[in-house]
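Input: a single structure, listed below in structure tokens.
Derivation of every value follows stated rules applied to the coordinates shown; laboratory data play no part. Note that the structure is a prediction, hence the values are computed from the model and not measured. We place every Cβ from the backbone using ideal geometry, glycine too, and count neighbours over all the protein chains shown.
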């Protein structure tokens, strides 16, 4: 798979969908493509995060530690991004991601990503827009949950 | 050291100077015979009357022509003799001057080694270095002339004077009438020039000091934007030198002017007064001409004498200005450093170290140690704690005798250490400073630095080398230089408890383990090349490791992590350049950055018809790069890491792309093609994923690879060390030889897994020790610049342990490391130290490892606690 295909995958991610093609190419070229073998741990809950992964092929399980052991909360697959919070803010990984049958992903390093942001304000604005939308979404869910609990 | 230059000259070269003088005088008659002979040839042999011949010459009767021939050959002989004298005298003078210069420099350097430590706070390298190197340089020339020249010229002068006075006393007096005036006025004028000369020396020194200071403080200059201040300051110093120089020129030429005037004033008097007398018939013209020519003869040596006088004044100032800088108060006694004591006894671990009202005063106001009292056994493990500036830095230096107390007494085993030779303090004790210095040599040489006090024997030398060594040492002795030969074997492995260098290396391995340096040195060895002729067994094992690695990778189902070099295959994890050369560049004939410019590379590519394709790839990649990086800031690290194009070349590539649009490669000139061609060489398909390297290209590169190697011209045969699956590549590191391939891009955790497997293979083949030993050859760089600060300090600790000291004094030394490493080192070093340890530490929580903890404040011991009381 070549650069152009990677750019297409990146463009499918809401976080990047409105970015210029040239910026996406730059992001793709400055990111490594990595392959995980079946059963590999891509990131583990509580660990340091320095990269986000855009999955190109394969699937992974999102696991969360609970007092009763790890439980699977979601599954991620091609075209999805995992660990994106880590490239924006220094917080420990909030979940563990384990590959199912092996997985190929584009590894977006935190430093390169932040450099891209500082280098082009419109990209930063796009990111803010996406994050604000997510926040609004979360708020809406919270409101719903609160009113459901009140009922 | 002699205060005056003549004191120095007479003390060390009296006999040679006298000899030179004798030879100079021996040459004298021949110099005068030459013009005399010319006169004879012209007047007698050629112009002689036929009646005068045949002439009797030492019993032979000679006709005119025979006489002429004889005289001409005599002339030739005299010319040769004169030339030979001149040659001999000049060489002797030069040799004498050089030997004396060598002696002077050696003495000055030897004194630097004895300077009291605090003196280095006042003088800078920038001052000392030019004094020893440049400032004394002209003295060599002067010293050769110092005696022979003035005596010879004065001798000539006196000879002429006597000659004239014998002929006519009044003529003689008239001829030298002006000499007293010149002799009085010129030193007067010269005095001012001398004073200026001294100022000039000082001003030049200040300039070198400023330069060295600017270099040391270059980061401060940049980070404070003070380069313009530095420039202005430097210009002001240069201006000062210019002023002084100008003034000196001015005065020098005034002296010359007056001198010439006075010299010509005498003939003026002769012509005027003598002429008047001659016209009036009171003086014969012959007598007048006689006086004038006598004056002319005498003026030549007189002028030489005056020139010598100026040269002497110059040399005197230079000598005195240098020597006075090398005599600071409190210099270490020469005997304590140079003389070898009859024995260097071990310091008994039971003997007492006693500091009694010890005081160390640095200057008027700084008294870091005052009324310091402490007693302990040499074998004790002592921690010194306290706040900075309270004396915990100075006491270790005093104990290691790097500083001398200014009051009180510091005794070990009852004997005052101030009288100890350095052979005791430097061999039985060890000292590690907070920022230890490493010499620009190998790790091994640095570790063994403390074992090289005296030559312990000659190396195994051929007869010829032994003769050369003797000649070298004899010449050393003639200049009063060191009587010890640097080429001898200086490393006393016995101190380490080892008999041979190989055993020494084994001991060093144990020592670096105690300072937690094994991993680092192993890394140096693994990532460095080794000389197969010196490590044959290691090379053999590495070849085994290469096989074993691929087996292990396959066992763990990791074979995809390394793409091996295969002569028949294109390596997708290597650059195109690596794929083409299929080897390591070992000489400067090839430049990895601009391989496409090399005529041989280019001709090989042409043969397989690759140039066109590569230009196309270059064009495609350049287009992408220009698009992506056009609005990235030039300093952005993205450029460094991901662009094939340097930021400053971006506009050039933009031009190339515009031109390409007009007529592709044909529209470009040679240089532009070179720029385009440079790009594909850097492409790594697996990493860059541009899809530009097609299978077609891959096949062509493999073809070119074969041709490149086959047709390589003889003069380039040594320029590339080719990859060969069955042989060791001496130009690559051990690690690359084990890998024999590239770690694949894009495998999560790939490098870590490969690193682990390499370590396992190394472990399994039992070659870790050999790799560490290869790592001892790692060059540390100037001041240890190729190591991290922590590594440097660890090497310094290891260097101290290698001496197996009775008392190990550690001043800080680990302060800059992280807390976990500090604790580990305290623990391990205490375990490894064969004798007592006094460690000035900054964390009191590590104090629990010591027998006794001494708290120092305001230059005094304020509290002594047994270590057992501190343990939690």
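What the table below lists for this structure:
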item	result
Approximate spin-label separation residue B:276-residue B:474, in nm, with each point projected 7 Å along Cα-to-Cβ	6.9
Theoretical gain in end-to-end length, residue B:73 to residue B:333 [0.36 nm per residue, Cα-Cα removed]	87.3 nm
Between helix B:670-681 and chain B: long-axis angle, C-alpha atoms, 0 to 90°, nearest 10	40
Exercise: per-residue mean of other protein chain Cβ atoms within 10 Å, B:749-755	1
Where a label projected 7 Å from the Cα of residue B:250 along Cα→Cβ would reach, residues of segment B:185-218 with amide N under 13 Å	B:193, B:196
Separation of alpha-carbon centers, segment B:403-450 and segment B:6-63, rounded to whole Å	64
Separation of the residue B:357 and residue B:453 label points, Cα + 7 Å toward Cβ, nm	3.4
Prolate/oblate/rounded call for chain A, Cα gyration tensor, a/c under 1.5 rounded	oblate
Separation between Cα centres of segment B:581-627 and segment B:629-665, rounded to whole Å	17
For chain B: rounded, prolate or oblate by the Cα gyration tensor [a/c cutoff 1.5]	oblate
Cα long-axis angle, helix B:536-555 against chain B (0 to 90 degrees, to the nearest 10)	30
Kirkwood-type radius of segment B:463-516, with distances r between different C-alpha atoms, in Å	13.7
Relative packing of B:570-581, B:453-464, B:7-18, B:28-39, which averages over residues the other C-beta atoms within 10 Å, highest first	B:570-581, B:7-18, B:28-39, B:453-464
Helix B:148-167 vs. chain B, principal-axis angle (Cα, 0 to 90°, nearest 10)	10
R0 of 41 Å, Cβ-Cβ distance residue B:213-residue B:442: FRET efficiency to nearest 0.05	0.85
Fully extended contour minus Cα-Cα distance, from residue B:779 to residue B:257, at 0.36 nm per residue	182.0 nm
Theoretical FRET efficiency, 1/(1+(r/R0)^6), r = Cβ-Cβ of residue B:694 and residue B:788, R0 56 Å, to 0.05	0.80
Exposure proxy order (Cβ contacts within 10 Å, fewest to most) of B:586, A:54	B:586, A:54
Exposure proxy order (Cβ contacts within 10 Å, fewest to most) of B:392, B:547	B:547, B:392
Förster radius 41 Å - calculated FRET efficiency between residue B:556 and residue B:821 (Cβ-Cβ, nearest 0.05)	0.80
Beta bridge orientation in the protein assembly as shown: antiparallel %, DSSP, nearest 5	75
Within segment B:465-497, backbone nitrogen closer than 15 Å to the virtual label 7 Å beyond the Cα of residue B:510 toward Cβ	B:493-497
Approximate spin-label separation residue A:4-residue B:235, in nm, with each point projected 7 Å along Cα-to-Cβ	5.9
Residues B:237, B:846, sorted so that the one with the fewest Cβ neighbours within 10 Å comes first	B:237, B:846
Cα gyration tensor, the protein assembly as shown - rounded (a/c under 1.5), prolate or oblate	prolate
Segment residue B:11-residue B:627, length gained on full extension (0.36 nm per residue, minus Cα span)	214.0 nm
Average partner coverage of A:26-32, which counts Cβ from other chains inside 10 Å	5
Average beta-carbon neighbours from other chains, 10 Å sphere, peptide A:106-119	2
Distance between segment B:204-274 and segment B:817-872 - C-alpha centres, whole angstrom	57
Modelled label reach - residue A:18, point 7 Å along Cα→Cβ, segment A:121-150 residues with backbone N closer than 16 Å	A:121-137
